[in-house]
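Engineer: Take a look at the following structure, please.
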Amino acid sequence: MFPRVRRPGPKSSREVAGLLAARCRALRDALRTAVAAPTSRLRTLADEWSPAACGGEAEFAEALAQTIAYGLWTDRLEHPEARSEVAGACARLGATPGPLLRALRAAADHRAEIGAALGELEATVAAIEADSLAGLREGEGAYFYEEFLAAYDERLRREAGAYYTPAEVVHAQIVAVRELLARELGAPLGFAAPEVVVTDPACGTGVYPLAIVADALRCVRASGGDGAGCASRLAENLVAHEVLAGPFAAAHARVTRALRAAGARLPDAGVRVMLRDTLARPDGREVEAGRIRVCMGNPPYDRRELTESDRGGWIRHGDPGRGERALMADFLPDAAVGKHAKNLYNAYVYFWRWALWWSCEQAGPGLVCLITPSSYLRGPGFAAMRRHLRAVLDALWIIDLGGDALGPRRSANVFNKIRTPVCIAVGLRREGGDRSRPAEVFYTRLGDGLSREQKLRALGGLQSLQELAWSRAPDGWEAPFVPGASGDYGLWPRLVDLFPWQHAGAQWKRTWPIAETPELLERRWRALLRAEDRAAAFRGTEAWTIARPGIDLFDGSPLPALASLGADAPTPRVERIAWRSLDRRFCLADGRLGDRLRPALWRAQGPAQVYLTTLLSSGLSRGPAVMACAEVPDLHHFRGSFGDKGVIPLWRDRGATQANVTRGVLDILRDMFSRTVTAQELFAYVYGCLGHPGYVEALREELAEPGPRVPLTRDEELFSRCAAVGAELLGLHTFRARLRDGSARCVTPVGAMPEKFSYADEVLTVGDGRFAPVSPAVWGYEVSGLKIVPSWLSGRMLQPRGRTSSPLDALRPSAWSEALTQELLELLWVVERSLALHRVQADIFGQIVAGELVSGSELPAPAEEERAEPRT
Ligand SMILES: C[S@@+](CC[C@H](N)C(=O)[O-])C[C@H]1O[C@@H](n2cnc3c(N)ncnc32)[C@H](O)[C@@H]1O
């Protein structure tokens, strides 16, 4: 039993949520114990209720405990002067029939069986201090439930996707739907119009239904209409679903109260807030003909594993026994993009499918307005979903709210705890619209530079959709719902279709086999072999331990396990690797030292090899869109993370005899330019075109869809100029064309091994050494968030920043060398020269995109074997 709660009680909403959650869990356990007893009267109640709640005794205890907790604390919010206990709360709630009252009555009637846990809960609620109550009052109370659920059962909260919507977002959706009802569907009274039927498919504690009631009453009163009549109609026309018992009971009570307060006569069965799984088979209650159906809300989002075939219910699986097909089939891509299909198995996509079907695929007009993740706007896996939306709707408005907290293009999210970008979409279906044409899609975006508060303010102040600056998205059935800066971007060939073999970079999963000098690697190797605990020094993973034999990276021959080597075994081959953009290091190139060293890349590594690296599965941000290197790249070479399969070699073999260029592409270029175009020249052209910040700046919107495209000019002279500047840049970035000079100088040599570095007034200080002049542009040079110079330096300090994986990482160079000073100078000179070349590239790029371009469909598609890694 819990100790009695002592005053002062909990203050912050987090503390309140934590305590309440603990008491609620105890009550749930007490309920479970009670119903397990054969003589329990509660058990009889469980038997009566459970079928309705679609569950057994465990679900009954869960639902009842949550509902009682919620009932008690809403009562405390509303009646702070009253004593917090269930009997009194029942009396005060007497006028609001529904599940909340039912649960509190059950608690009062069966107190004898759960008295101790119930008493603790009541005492906790009573101890909530008055000043913290003020912060949790109605309105904010709805959001408190999210906090409570997180403290009560975070897994349940996540699985249900229970993240509640800020009032400003709800307001913007209400404004949009009301306006379209009036302007497009002849319902000037908006939600108050008798012919409008609205459903919130995932209502939580009822934020949307309450906002709808308030908006309808405002409209009808402004036009001198009858508020009570409107409220009575809403009791019939407003439907809400929720799958969790606690929020459902809350929503039910709040909607009942709001309609009652407006003078509604409620139907005998009460308001139509229902405890149900929206994705389950519909219950068959028909909407009368002649109605306008509106579906709006904020459905749950969470990606489900493909194997979880029980998720998604009727929407995903249909009901084969009744001959009912799975509606999700309409959103599924064809086999060619099947690898992206897993993105579709997400609760939000199921809800989109349900919402579209319910509101816009029945007889008559409809509107759908959801806030959800925005991955469907551009993602290749969502092409069929976009096609279906374009086919069913006449018009679609997208308000892109950004909000990517994880990728390289970060922006503030309107939700506190959501880290993936979101958008509001409003779809319109007119009666008798032309179904042979795709819906018109209009797009707007709240600036990425805005803070969360600024975004919310913009949404909260919205009075009309017409205040927003809209652009048209392309009309192609499956085209992204995002306009192109040059509307043709979607037609340009994709980088990965010109160079069809892409590979992931090498991944060691431990840091010690990589170092800035070969000597250090030699020391670490010796230390590994002599370590008392070789396995701990090695730092194994589940996939790779010292007991596993390996293969030689270069010729594929077998290698004995590290565990079997003597203390004097020779040091493996030391090779340069391309660790990060413009940051080369050395590695022990031994197949036993890394988990995924990608033998295919080592086999194709040769003196003429060049690699492009980029981001292929996340959006690019500031800086060049591609970087180059001449050594096997690390998995995260491009920007330190999000590496995926972003390595594109120029050659498929060490001898540089087989170009990694789609068959037929060079022939087309030859015919077009009446001269031979080599694979190296095309590679250099692409580097000239994409390897500068101007490309990303011009195509910011388009590049939110991962995987860059190439504007391939038809102008031979432009092609040659771009390839020439690209070739120079390739020489610099691969360090094959070594620069002997630049502006930066070492004005004071670095003495002792530096512990830190800093930059001010064009002077770069490294330990006790100084380098100048270093312009702010050189210092700030970045590749999608990777700051090149600071990143290079931080890996070469006495104690480098970042992850360490074993005691071997602690072995560091004892001194800074001349060679390191020279490398740093060369890096600074390369960046200086790159900045100068980027200005030339930006100019040529502008001319290329303004001129005539080759479209991707004119080029041959890569064959399967061209995409596959080369066979040895
Ligand atoms: C993102 S929250 C939004 C809640 C509320 N509409 C709001 O905006 O504050 C999604 C809600 O959907 C509920 N939910 C999840 N799956 C559901 C399902 N299959 N059927 C009905 N409701 C569901 C969750 O419990 C959660 O309350």
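The values are calculated or read from the model by the stated rules, or taken from the named source; none is laboratory data. These numbers were taken from a predicted model, which means no experiment stands behind them. Neighbour counts run over all protein chains shown; Cβ positions are idealised from the backbone, glycine included.
Engineer: One residue is enough: does the stretch 632-642 have a residue meeting the conditions farther than 15 Å from Glu782 by Cβ, assigned to a loop (DSSP other than H, G, I, E, B) and without any contact (Cβ under 8 Å) to a residue 12 or more places away in the chain?
Structural biologist: No, there is no match, as no residue in the stretch 632-642 is farther than 15 Å from Glu782 by Cβ, assigned to a loop (DSSP other than H, G, I, E, B) and without any contact (Cβ under 8 Å) to a residue 12 or more places away in the chain.
Engineer: Report whether or not Ala240 is within 12 Å of the ligand (Cβ to nearest atom), at pLDDT below 90, touching a strand residue (DSSP E or B) at 6+ places or on another chain (Cβ under 7 Å) and not assigned by TED's automatic domain parsing to the domain that holds Leu356. Walk me through how you get there before you give the answer.
Structural biologist: Details: within 12 Å of the ligand (Cβ to nearest atom): yes; at pLDDT below 90: no; touching a strand residue (DSSP E or B) at 6+ places or on another chain (Cβ under 7 Å): yes; not assigned by TED's automatic domain parsing to the domain that holds Leu356: yes.
No.
Engineer: Where residues in the stretch 155-172 are modelled with pLDDT of 95 or more and more than 10 Å from the ligand (Cβ to nearest atom), which of them is surrounded by the fewest Cβ atoms within 10 Å (Cβ to Cβ)?
Structural biologist: This residue is Glu168.
Engineer: Looking only at the stretch 160-191, which residues are farther than 13 Å from Leu367 by Cβ and either polar (S, T, N, Q) or in contact with a His (Cβ under 8 Å, 6 or more places away or on another chain) (or both)?
Structural biologist: Answer for the stretch 160-191, where residues must be farther than 13 Å from Leu367 by Cβ and either polar (S, T, N, Q) or in contact with a His (Cβ under 8 Å, 6 or more places away or on another chain) (or both): just Thr165.
Matching residues to (1) touching a residue at least 12 places away in the same chain (Cβ under 8 Å); (2) under 23 Å from His733 (Cβ atoms); (3) assigned to a helix (DSSP H, G or I); (4) over 36 Å from the mean Cα position of the chain (by Cα):
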residue	(1), (2), (3), (4)
Arg812	yes, no, no, yes
Gln822	no, yes, yes, yes
Leu825	yes, yes, yes, yes
Leu828	yes, yes, yes, no
Val831	yes, yes, yes, no
Leu835	yes, yes, yes, no
Val840	yes, yes, yes, no
Asp843	no, yes, yes, no
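Engineer: May I pose another question? Of the residues that sit in the stretch 259-286 and are more than 9 Å from the ligand (Cβ to nearest atom) and of a type in the set (Asp, Glu), which one is nearest to Ile174 (Cα to Cα)?
Structural biologist: It comes out as Glu286.
Engineer: A further question on this structure: Mind telling me which of the residues Leu389, Leu367, Leu377 ends up being over 26 Å from Gly490 (Cα atoms) and aliphatic (A, V, I, L, M)?
Structural biologist: Working: Leu389 fails: over 26 Å from Gly490 (Cα atoms); Leu377 fails: over 26 Å from Gly490 (Cα atoms).
The match here is Leu367.
Engineer: Condition test on Ser791, is it modelled with pLDDT of 95 or more, polar (S, T, N, Q) and in contact with a helix residue (DSSP H, G or I) (Cβ under 9 Å, 6 or more places away or on another chain)? Show your work before the answer.
Structural biologist: Details: modelled with pLDDT of 95 or more: yes; polar (S, T, N, Q): yes; in contact with a helix residue (DSSP H, G or I) (Cβ under 9 Å, 6 or more places away or on another chain): no.
No.
Engineer: Take Ala341 and tell me if it is surrounded by fewer than 24 Cβ atoms within 10 Å (Cβ to Cβ), away from the ligand (no atom under 16 Å from the Cβ), at pLDDT 90 or above and part of a helix (DSSP H, G or I). Reasoning before the result, please.
Structural biologist: Numbers: surrounded by fewer than 24 Cβ atoms within 10 Å (Cβ to Cβ): yes; away from the ligand (no atom under 16 Å from the Cβ): yes; at pLDDT 90 or above: no; part of a helix (DSSP H, G or I): yes.
Against the criterion (surrounded by fewer than 24 Cβ atoms within 10 Å (Cβ to Cβ), away from the ligand (no atom under 16 Å from the Cβ), at pLDDT 90 or above and part of a helix (DSSP H, G or I)), Ala341 does not qualify.
Engineer: Can you name every residue in the stretch 435-470 that is over 18 Å from Ala704 (Cα atoms) and of a type in the set (Gly, Ala, Ser)?
Structural biologist: Result: Ser436, Ala439, Ser451, Ala458, Gly460, Gly461, Ser464, Ala469.
Engineer: Evaluate the following for Arg675: is it of a type in the set (D, E, K, R), surrounded by fewer than 24 Cβ atoms within 10 Å (Cβ to Cβ) and modelled with pLDDT under 95?
Structural biologist: Details: of a type in the set (D, E, K, R): yes; surrounded by fewer than 24 Cβ atoms within 10 Å (Cβ to Cβ): yes; modelled with pLDDT under 95: no.
No; evaluated as a whole, the condition is false for this residue.
Engineer: Hey, can you tell me all the residues within the stretch 26-36 that are surrounded by fewer than 18 Cβ atoms within 10 Å (Cβ to Cβ) and in contact (Cβ under 8 Å) with a residue 40 or more places away in the chain?
Structural biologist: Residue satisfying the conditions is Asp29 alone.
Engineer: Any residue at all in the stretch 597-611 that is over 25 Å from Ala819 (Cβ atoms), in contact with a Lys or Arg (Cβ under 8 Å, 6 or more places away or on another chain) and touching a residue at least 60 places away in the same chain (Cβ under 8 Å)?
Structural biologist: Among the residues of the stretch 597-611, at least one is over 25 Å from Ala819 (Cβ atoms), in contact with a Lys or Arg (Cβ under 8 Å, 6 or more places away or on another chain) and touching a residue at least 60 places away in the same chain (Cβ under 8 Å), which makes the answer yes.
Engineer: If I filter the stretch 359-384 down to residues being modelled with pLDDT of 95 or more and among the hydrophobic types (A, V, I, L, M, F, W, C), which single residue comes out as farthest from Val207 (Cα to Cα)?
Structural biologist: Per the criteria, the residue is Cys360.
Conditions tested, residue by residue: (1) closer than 19 Å to Thr165 by Cβ; (2) modelled with pLDDT of 90 or more; (3) small (Gly, Ala, Ser); (4) more than 16 Å from the ligand (Cβ to nearest atom).
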{"position": "Ala228", "(1), (2), (3), (4)": "no, yes, yes, yes"}
{"position": "His252", "(1), (2), (3), (4)": "yes, yes, no, no"}
{"position": "Thr256", "(1), (2), (3), (4)": "no, yes, no, yes"}
{"position": "Glu288", "(1), (2), (3), (4)": "no, no, no, yes"}
{"position": "Arg293", "(1), (2), (3), (4)": "no, yes, no, yes"}
{"position": "Glu308", "(1), (2), (3), (4)": "no, no, no, no"}
{"position": "Gly313", "(1), (2), (3), (4)": "no, no, yes, no"}
{"position": "Pro320", "(1), (2), (3), (4)": "no, no, no, yes"}
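Engineer: Output the residue which, of all residues in the stretch 789-810 that are part of a loop (DSSP other than H, G, I, E, B) and in contact (Cβ under 8 Å) with a residue 60 or more places away in the chain, is nearest to Val747 (Cα to Cα).
Structural biologist: Step one: list which residues in the stretch 789-810 are part of a loop (DSSP other than H, G, I, E, B), which gives 795-806.
From what is left, the residues that are in contact (Cβ under 8 Å) with a residue 60 or more places away in the chain are 795-796, 802-806.
Details: Gly795: 22, Arg796: 19, Gly802: 29, Arg803: 32, Thr804: 33, Ser805: 36, Ser806: 37 Å.
Here the answer is Arg796.
Engineer: For the stretch 176-190, give me each residue that is surrounded by 19 or more Cβ atoms within 10 Å (Cβ to Cβ), more than 16 Å from the ligand (Cβ to nearest atom) and touching a residue at least 60 places away in the same chain (Cβ under 8 Å). I'd like the intermediate steps shown before the answer.
Structural biologist: Narrowing the stretch 176-190 to residues surrounded by 19 or more Cβ atoms within 10 Å (Cβ to Cβ): 176-178, 180-181, 185, 187, 189-190.
Imposing the further condition that a residue be more than 16 Å from the ligand (Cβ to nearest atom) reduces the set to 178, 180-181, 185, 187, 189-190.
Residues satisfying the conditions are Leu180, Leu181, Leu185, Ala187.
Engineer: Further question: Within the stretch 710-733, is even one residue among the hydroxyl-bearing types (Ser, Thr, Tyr), more than 20 Å from Ala819 (Cα to Cα) and either in the same structural domain as Pro813 (by TED's automatic domain parsing) or at pLDDT 95 or above (or both)? Explain how you work it out, then say what you get.
Structural biologist: In the first step, residues of the stretch 710-733 are kept if they are among the hydroxyl-bearing types (Ser, Thr, Tyr); the result is 713, 720.
Subsequent filtering for residues that are more than 20 Å from Ala819 (Cα to Cα) retains 713, 720.
Then drop every residue that is not either in the same structural domain as Pro813 (by TED's automatic domain parsing) or at pLDDT 95 or above (or both), which leaves 713, 720.
Yes, the stretch 710-733 has at least one match.
Engineer: If Glu519 meets every condition in (1) at pLDDT below 90; (2) among the charged types (D, E, K, R); (3) in a helix (DSSP H, G or I) apart from one, which number is that one?
Structural biologist: Just one mismatch for Glu519, condition (1).
Engineer: Sticking with this structure for a sec: When you go through Ala151, Ala117, Ala107 one by one, which is the residue that is within 16 Å of the ligand (Cβ to nearest atom), part of a helix (DSSP H, G or I), modelled with pLDDT of 85 or more and touching a Leu at 6+ places or on another chain (Cβ under 9 Å)? Can you show your working first?
Structural biologist: Details: Ala117 fails: within 16 Å of the ligand (Cβ to nearest atom); Ala107 fails: within 16 Å of the ligand (Cβ to nearest atom).
So the residue among Ala151, Ala117, Ala107 that is within 16 Å of the ligand (Cβ to nearest atom), part of a helix (DSSP H, G or I), modelled with pLDDT of 85 or more and touching a Leu at 6+ places or on another chain (Cβ under 9 Å) is Ala151.
Engineer: Please go through the stretch 99-123 and give me each residue that is basic (Lys, Arg) and under 41 Å from the mean Cα position of the chain (by Cα), ordered by number. Walk me through it before giving the result.
Structural biologist: At the first step, the residues of the stretch 99-123 found to be basic (Lys, Arg) are 102, 105, 111.
Selection gives Arg102 alone.
Engineer: Still on this structure, I have one more. Got a sec? Which strands (runs of 3 or more DSSP E) wholly within the stretch 698-786 have at least 2 residues that are farther than 23 Å from Ala684 by Cβ and without any contact (Cβ under 8 Å) to a residue 24 or more places away in the chain?
Structural biologist: Numbers: elements: 745-748, 757-760, 763-766, 769-772.
Of the strands (runs of 3 or more DSSP E) lying wholly inside the stretch 698-786, those with at least 2 residues that are farther than 23 Å from Ala684 by Cβ and without any contact (Cβ under 8 Å) to a residue 24 or more places away in the chain span 757-760, 763-766.
Engineer: Mind listing just one residue for me: the one in the stretch 425-441 that is in contact (Cβ under 8 Å) with a residue 60 or more places away in the chain and surrounded by fewer than 23 Cβ atoms within 10 Å (Cβ to Cβ) and, of those, nearest to Arg158 (Cα to Cα)?
Structural biologist: Step one: of the stretch 425-441, the residues in contact (Cβ under 8 Å) with a residue 60 or more places away in the chain are 426-431.
So of that shortlist, the ones also surrounded by fewer than 23 Cβ atoms within 10 Å (Cβ to Cβ) come out as 430-431.
Details: Arg430: 36, Glu431: 38 Å.
The selected residue is Arg430.
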